[in-house]
1. If N is the number of residues in the range 63-162, what value comes out of its Cα radius of gyration divided by 2.2 N^0.38 Å?
2. What number, in percent, do you get for the relative contact order of the range 2-158 if the mean sequence gap of Cα pairs under 8 Å and at least 6 apart is divided by its residue count?
3. Just want the ordering: LYS77, LYS9, LYS65, from fewest to most Cβ atoms lying within 10 Å of their own Cβ.
4. Tell me the mean residue ellipticity at 222 nm calculated for the chain from its helices only (DSSP H runs of n ≥ 4, each -39500 (n - 2.57), averaged over every residue, nearest 500).
5. Where does helix 127-150 land angle-wise versus the long Cα axis of the chain, in degrees 0 to 90, nearest 10?
6. Nearest 10 degrees, 0 to 90: what angle lies between the long axis of helix 43-64 and the longest principal axis of the chain (Cα atoms)?
7. Largest first and to the nearest Å, give the Cα extent of the range 1-144 along each principal axis.
8. Could you pull out every residue, at least 5 positions away or on a different chain, whose amide H is within less than 5 Å of the one on GLY118? Hs are placed 1.01 Å off N in the peptide plane, and Pro or chain starts have none.
Amino acid sequence: MKILESLAKLSSILSGLLLTGITLMTCYSLIGRNTTGDTIAGDFELTGVATGAAIALFMPLCQFKRAHIIVDFFTAKASAATVSQLDRLGALFMALTFGLLAWRSTLGGMNALATHSGTMMLGFPEWIVYVAMVPPFILSAVIALAQAVHGEDFASSDGASA
């Protein structure tokens, strides 16, 4: 299971680098626009494209650390065994959801490639964004499935907090 943690962390680092690039590009564009009149054409398009990929890249680590929002109003007084079973069921639903996202992103990317779909100003190929989103969704699904199967054993063996 250590490999899943390493892959989730790598995915998160890639997302951080992508967001850093977006931030630097936005700063350059804003400073240029307000001082010399120079700007990066389509900077808002690139920001939107990169942000979509960055969000997907953060999902594996979020799932690994079980950091999704959990509303425990109804389970606050439930036994530990009940909460554990519900957590495993929730992880199974997350695995199915991430699998669905990966499948639909794959189909969306194939459609974008076939239709040569691109952004309005730059014509940036949209299929690239879909390609960037599929692997982290698959990784998130695998992590969630491992959590559903192994339950608390998964978290304790990898040092993650439940």
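Read-outs throughout are calculated quantities, based only on the coordinates presented, and are distinct from any laboratory measurement. These numbers were taken from a predicted model, which means no experiment stands behind them. With ideal geometry, Cβ positions are generated from the backbone for all residues, glycine too; neighbour counts draw on all protein chains shown.
1. 1.40
2. That works out to 30 percent.
3. Listing LYS77, LYS9, LYS65 from fewest to most nearby Cβ atoms yields LYS77, LYS9, LYS65.
4. Calculated from helices alone, the mean residue ellipticity at 222 nm is -26500 deg cm²/dmol.
5. Between the helix axis and the principal axis of the chain, the angle is about 10 degrees.
6. 10 degrees
7. Cα spread of the range 1-144 along its principal axes, largest to smallest: 64, 37, 30 Å.
8. For GLY118, the qualifying residues are GLU126.
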